[in-house]
Each structure stands twice: as structure tokens, then as C-alpha cells.
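Report on the structure given below.
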Amino acid sequence: MLKNYLKIAIRGLWRNKYFTCISLFGIISTLMVLAISVAVMNQQAAMGKAGSRLSRCLIVNRVEAYLQRGHIISTPSYYVLDRYVRNLKEPEAVAVYSESYEVVVYTEDQRIPQQIKFTDEVFWEIAELPFLEGVPFRKEAVDKAEMTAVISDRAKQVLFGSQPALGKYLETSQGSYRICGIIPRGEIRAMTLNADIYVPITTAPGKINNRELWGAEIALVQAFDKNQFGSIKREFQEHMDQLLTEHRESHDLETYDCFIGSMNESIANEINQPELVYLFGVVGMMIVFMLLPAVNLTTINISRILERAGEIGIRKTFGASSGVLMGQFIIENLFLTLIGGILALFGSWLVLYYVNDSGIVPWGYIHLDLNVFLYSLVITVFFGIFSGILPSYRMSRLHPAEALKGVNR
Amino acid sequence: MIRLRQVEKIYRTSSVETLALRDINMEVPAGAFLSIMGPSGSGKSTLLNIMGLIDAPSQGEVQLEGNNVEGMSEKEAARLRNKMIGFVFQSFHLIPDLNVIDNVELPLLYRTMTARERRHRAKEVLAKVGLSARIRHFPGQLSGGQCQRVAIARAIVGAPQIILADEPTGNLDSAMSEEIMSILLTLNKEEKVTIAVVTHNQSIADRTDRIIRLFDGCQVA
């Protein structure tokens with residue numbers, strides 16, 4: 001019986017190519033938006049996931065100061081973080097690193113712009129990034145300001161292609177760095193950690209020697225557990241009060257407010273970045289618009305199924321009950337939806353490949369992984385049943401004598 | 001085998017009531033070959049539909065093999081149709097997306113049978129109507145006469161006790177009409193299948209055991 005239904009479904013779809021294309025377009029676009037949305041949500045959920053070090057981190061990344069001669073909003077300097085944050089007693093660890101900068105990397109015949117980040121060795125402990133090759137630079141390398149670098153797999157691809165990169169030198173506008181490790185960009189869980197090249201912060205003397213209270217550095221403060229956040233913030237505030245006392249006169253400070261907040265909130269706030277606002281805006285709009293095809297598909301299904309009143313009449317005349325016919329039309333609909341689902345998954349994979357490759361999502365790759373596939377499958381099945389059940393029910397109520405009047409041949 | 005008592009059928013819309021059948025009383029014994037005649041709109045097809053349980057009377061009683069079908073659920077009626085009745089229509093009513101053998105197998109889909117049994121049975125009846133060479137063809141690739149033979153094969157594939165044929169030769173030329181009538185007559189004579197045929201053709205009606213004439217929904221003979 002199933003074979004018979006599938007034969008009918010395949011020939012029906014082939015015969016009504018226009019309808020099939022419209023239906024498939026509706027299903028594919030709706031499912032693609034859903035699959036991509038689920039992938040983006042999965043990516044968000046994966047960031048700062050429970051149990052990871054990042055989830056028990058506070059981040060210090062903003063300073064607001066009122067001076068006698070003006071007002072400054074900035075990130076703190078290495079000096080502030082080194083002197084007033086690194087020495088906090090409550091946290092388990094403190095990492096200090098810079099924002100990402102554009103740096104030029106010279107290859108044989110090209111100047112390739114890349115994003116560089118200056119970090120200490122603790123950065124690698126907290127970020128917990130897996131290494132594809134090599135190792136992170138250790139404390140000794142940072143202390144000695146060794147010219148060593150970790151690069152992302154994407155940077156490796158751009159700079160070295162398929163050639164091995166470990167142990168090779170990167171010629172940059174900041175100097176020549178020997179590559180000691182390669183990390184997967186897709187595993188970077190927050191935009192604040194994202195860069196193409198990572199080098200010891202001590203190789204930037206301008207940062208180390210800067211005695212200003214504002215700069216371009218960030219600190220990650222890792223607690224033993226989240227319950228400690230309150231006590232860490234209190235200790236942090238004491239240190240900031242001390243900073244204000246010590247620098248009020250030398251820097252003409254009236255106030256100096258250095259903000260400390262949870263890493264999870266910071267990650268959530270990353271979506272306020274213009275590109276992500278754009279991305280999420282587009283996805284949101286598409287979801288709203290794609291609801292229309294979903295509703296339309298149900299309507300199209302009703303008219304398509306009612307067009308087959310003749311077949312319904314024949315089947316009923318020869319002994320099919322309403323329940324059996326409902327089953328048939330739902331199976332046909334599921335079949336169409338599953339074809340759409342498979343094409344949509346392939347389309348989603350292509351879109352995500354393009355999105356990831358274009359770098360519009362700055363904190364890593366959005367994966368269309370097994371979870372997303374399963375969610376999409378569930379959505380597909382639900383969608384197939386949802387859009388088939390109402391027309392099937394209406395169709396199954398048709399009286400055989402009435403339905404037969406719609407038959408031609 | 002089929003008994004109708006004081007059967008009346010009224011089609012109602014919001015503004016109009018149409019009396020299609022009035023006070024029909026008839027009995028069709030097992031093995032009979034009956035024809036129903038009358039002008040267009042006299043209620044022939046409605047009567048056949050009621051006899052075949054694909055339409056219900058507005059009033060009156062329909063009995064099939066002694067069982068009153070009134071109050072029967074839609075599912076029970078479907079099961080009874082599947083088991084006892086085969087239908088042949090003027091415009092064939094084949095499913096265009098299925099090939100000949102799949103069309104013929106259709107009534108067997110709603111029985112408990114293996115696919116192999118269904119296929120075997122369908123091939124048997126297709127051989128009987130002389131269409132063994134056309135089993136992979138689609139209805140659109142066949143002539144009218146061939147389509148009607150497929151429809152007859154579908155009607156008899158489940159070995160029903162009754163065949164109801166609504167103008168089975170109405171769309172066919174005389175040679176093909178003769179072919180179809182011979183098949184029906186053979187089924188009646190050799191396999192004792194009860195047959196009721198709606199027809200406008202007096203020469204066809206003359207070959208049946210009994211003629212029922214309708215006029216304006218009433219039985220006049």
C-alpha cells in the first residue's frame with residue numbers, strides 16, 4: 001500500500017511541476033530559515049556552556065572616567081589590569097589580553113591583513129581552545145617576550161594554504177613570529193577571544209610600558225564558581241577605589257569606573273554588534289515572512305488535494321475508509337516535505353558555509369551539526385503532518401458519490 | 001440479494017430541494033442481470049449509487065444480503081463495498097497516475113493480502129479481459145475500450161458478488177460496446193455475478209433479464 005501511495009505521490013509531483021516547485025520552494029525556504037536559526041541558537045547556547053571555564057568568568061572590558069578636562073569611555077590599559085586586577089585574591093585565575101588589531105602579514109608576494117591579539121599565557125588556560133597542532137605559548141615565553149605565535153586554522157589556510165605552518169615564521173608589521181600552535185577557529189566561543197594570530201602581550205612594548213589608565217586591553221577573571229562573583233566584584237571595587245586614590249591627582253580624575261560583568265552576559269551582548277544585529281534581524285524577518293509560505297502551503301495542499309476529488313471518490317468506492325485516505329495523503333505530504341527537508345538541509349549547509357567563510361559571524365563557525373539535523377528533521381516531520389492534516393481531514397469527509405463527479409478519466 | 005423499500009432521495013441545497021428518487025421498491029435476486037433505463041435526470045445513477053452504498057437514501061430501506069445498511073458506519077460500508085461490490089463507470093474512473101496493473105490492484109489494497117497475491121490476482125483478471133500485454137501502460141495510453149476493460153478488471157479483481165455498471169458502454173463505439181457487454185454477460189452466466197447496468201441503449205437492455213424504467217425519479221416499469 002505504501003508503495004502505491006509513493007507511486008501516486010511521485011507521479012503527482014512530476015505531473016504538477018509548477019505546484020511541486022512552489023511547494024518545494026515554500027518548504028525549503030521555511031526549513032532553511034528554521035535550520036539556520038536553530039544552528040545560530042545552538043551556537044549561542046554552546047558559548048559559555050555550563051561547566052566551561054568561560055561560564056565562570058567575569059570580564060573587565062570597559063572604563064568610564066570623568067576628568068577635570070573631559071570624559072573618557074575606553075577599555076582599560078595593560079597597566080591597570082596588571083596592577084589592580086591581576087593581584088585580586090578571590091579569583092582562581094586572571095588573563096589579560098588585548099583587543100584584536102589589524103596587522104599586515106607579508107608572504108612572498110602579498111600583504112595580507114589579519115587580526116592579531118596580544119595575550120598572556122593564562123588566556124589559553126581560560127579559553128580552553130583545543131590545539132590542532134603544536135601548543136600555546138607558556139609563561140616563560142611571555143616573560144621573555146618570545147616572538148612566538150598561535151594562529152587559527154583559517155589564518156593557516158589563508159597564509160600557507162595546504163603547506164605545513166608549524167615552526168614557520170610569520171613576517172608581520174609587528175615583527176617576525178615563529179608559529180608554535182594552530183587552533184580551530186570554529187571552537188572560539190566568544191568574539192572577545194577571536195583573532196587570526198595570537199602573540200605574547202609582552203612583545204608589544206608600547207602596551208607594557210603604557211602608564212595611562214585607558215588602553216585597549218581586557219581581563220578575564222575566572223572564579224572557582226559562579227557564587228563567588230559577588231565577592232570578586234567587591235574586591236575588584238576596592239582595587240578600583242585604590243586606583244582612584246592613587247591616580248586622582250596625577251590624572252586629574254574625578255571618577256574612574258571600571259566595569260566588571262559576567263562573561264555570559266558579555267557574550268549575549270555581543271549580538272549587539274552591528275553585523276550580528278543585521279544577521280539576527282534578517283533571520284527574524286525571514287521567520288516572520290516564512291510563516292506565510294507555511295500557511296500558504298496548507299492552503300495549496302487543500303486545493304491540490306481537493307483537485308484529486310476524483311481519485312478520492314474512486315478509492316472510497318472501492319473500499320478505502322476516511323482513515324485510510326487520511327493516512328495516504330499525510331504520507332504523500334510527508335514525502336514531499338522530506339524531499340524539501342533534505343534539500344533545505346543541503347541549502348542550509350551551503351548558506352552557513354558562505355556565512356562562515358565571509359566572516360560575518362566574528363566569533364567562529366556556525367555548525368550545521370547532528371543536533372541541528374535532528375531538530376530540522378523533527379521540524380520537517382511536524383511541518384509535513386501539520387500542512388497535510390487539515391486538507392487530508394477535509395478530503396476524507398467527501399462523500400464518494402460527490403467526489404466521483406470530479407473524475408475525468 | 002439487494003432489496004430497496006420505499007426508497008426516496010432528495011438533494012437539498014440552501015434554497016432548492018430536488019427529488020431524485022421517489023418510492024422505489026425493487027428486489028434484485030442473486031445472479032440476476034438487471035438493466036435500469038430512463039431519460040437523463042430520471043435518477044438512474046442515483047439509484048445505482050444507493051444500491052452500491054456510495055450514496056445514502058433520504059428515506060426508505062436498503063438491504064444487502066438481508067442486512068439493513070441503515071445506520072452502518074462509513075467504515076463498515078466501505079468494507080462491505082470492498083468485499084461485495086464492483087463498480088464500472090461510463091468515464092472509466094481510472095487513476096491516471098497509476099499504471100494498468102496498479103489500477104486493477106486498487107480494491108485489493110484495502111484487504112489483508114500480500115503484494116504478491118495482489119499482483120497475481122490482478123494479472124489473472126487482466127488476462128481474462130485480454131489486457132495482459134498492457135499491464136505497464138497508463139490510462140492515457142489506452143483506447144476507450146481498453147480503459148473500460150481495465151475498469152472491469154478492477155471491478156472483478158476482488159471477486160465481488162455484485163457488479164454495478166453505470167453506462168459502461170456510453171463512451172464507446174458499437175464494436176467496443178459489444179466487447180464490454182460480452183464480458184459482462186460472461187461474468188453473469190459463468191460466474192453467477194449479479195449485475196445491474198444503467199443504460200440508454202435499448203439493445204443492451206434487451207439482453208438483460210429484467211429492465212427497470214425510471215421517469216422523474218419514479219419507477220414506471
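Bear in mind these aren't lab numbers, they're just calculated from the coordinates by the rules spelled out. Note that the coordinates shown come from a computational prediction; the quantities given were computed from them, not determined experimentally. We place every Cβ from the backbone using ideal geometry, glycine too, and count neighbours over all the protein chains shown.
General observations
- Local net charge near A:Asn210, Cβ-Cβ under 13 Å (Lys/Arg +1, Asp/Glu -1): 0
- Net charge of Cβ neighbours under 13 Å - reference B:Leu185; Lys, Arg +1; Asp, Glu -1: -3
- Spacing of the two label points (7 Å from each Cα toward its C-beta) at A:Asp143 and A:Cys21, in nm: 7.1
- For segment B:125-172 versus segment A:223-253, the gap between their alpha-carbon centres in whole angstrom: 92
- Neighbourhood net charge (15 Å Cβ-Cβ; Lys/Arg +1, Asp/Glu -1) for A:Glu108: 0
- Selection from B:Ala115, B:Gly43, B:Ala56, by position along the positive dipole direction of segment B:1-126 (Cβ): B:Ala115
- Among A:Tyr177, A:Tyr84, A:Tyr79, A:Tyr18, the ranking by other beta carbons within 10 Å of each residue's beta carbon, starting with the fewest, stands as A:Tyr18, A:Tyr79, A:Tyr84, A:Tyr177.
- Within a straight-line Cα-Cα reach of under 16 Å, A:Lys117 can be paired with the following lysines, leaving aside sequence neighbours fewer than 8 residues apart in one chain: A:Lys156, A:Lys207.
- Full extension of the segment from A:Asn87 to A:Asp241, taken as 0.36 nm per residue of separation minus the current Cα-Cα distance, would add 54.0 nm.
- Lysines with Cα under 17 Å of B:Lys75, excluding same-chain neighbours fewer than 8 positions away: A:Lys316, B:Lys83
- Shielding score for A:391-400, defined as the mean number of other chain Cβ atoms within 10 Å: 2
- The protein assembly as shown: C-alpha gyration tensor shape, a/c 1.5 cut-off, then a/b vs b/c: prolate
- Rg(Cα) / (2.2 N^0.38 Å) computed for segment B:81-221, rounded to two decimals: 1.05
- FRET efficiency estimate (nearest 0.05) - Cβ-Cβ, B:Cys218 to B:Glu190, R0 25 angstrom: 0.10
- Mean Cβ neighbour count within 10 Å, used as a protection proxy, ranking A:254-263, B:103-112 highest first: B:103-112, A:254-263
- Shielding by partners, peptide B:85-96 (average Cβ within 10 angstrom, other chains): 5
- Alpha-carbon centroid distance for the pair segment A:49-81 / segment B:183-221, whole angstrom: 97
- For segment A:117-164 versus segment B:59-115, the gap between their alpha-carbon centres in whole angstrom: 75
- Computed about the Cα centre, the dipole magnitude for segment A:54-261 is approximately 280 debye when only Lys and Arg (+1) and Asp and Glu (-1) carry charge, each at its Cβ.
- Spin-label model distance (nm) - A:Glu99 vs A:Lys405, 7 Å beyond Cα toward Cβ: 7.5
- Among A:97-105, A:312-320, the peptide with the highest mean count of other Cβ atoms within 10 Å heads the list, and the full ranking is A:312-320, A:97-105.
- Paramagnetic reach from A:Val381 (point 7 Å along Cα→Cβ, amide N under 19 Å) across segment A:303-341: A:327-341
- Packing-based ranking, highest mean first, of B:14-23, B:206-215 given that Cβ atoms within 10 Å are counted: B:206-215, B:14-23
- Averaged over peptide A:123-133, the number of partner chain Cβ atoms lying within 10 Å of each residue's Cβ comes to 0.
- Cα shape, segment A:54-261, gyration tensor, a/c 1.5 rule: prolate
- With the charge dipole of the protein assembly as shown set up from +1 on Lys and Arg Cβ and -1 on Asp and Glu Cβ about the Cα centre, the Cα lying farthest toward the positive end among the listed residues A:Gly167, B:Gln219, A:Asn264 is that of B:Gln219.
- Only beta bridges with both residues in the protein assembly as shown are counted; by DSSP, about 70 percent of them are antiparallel.
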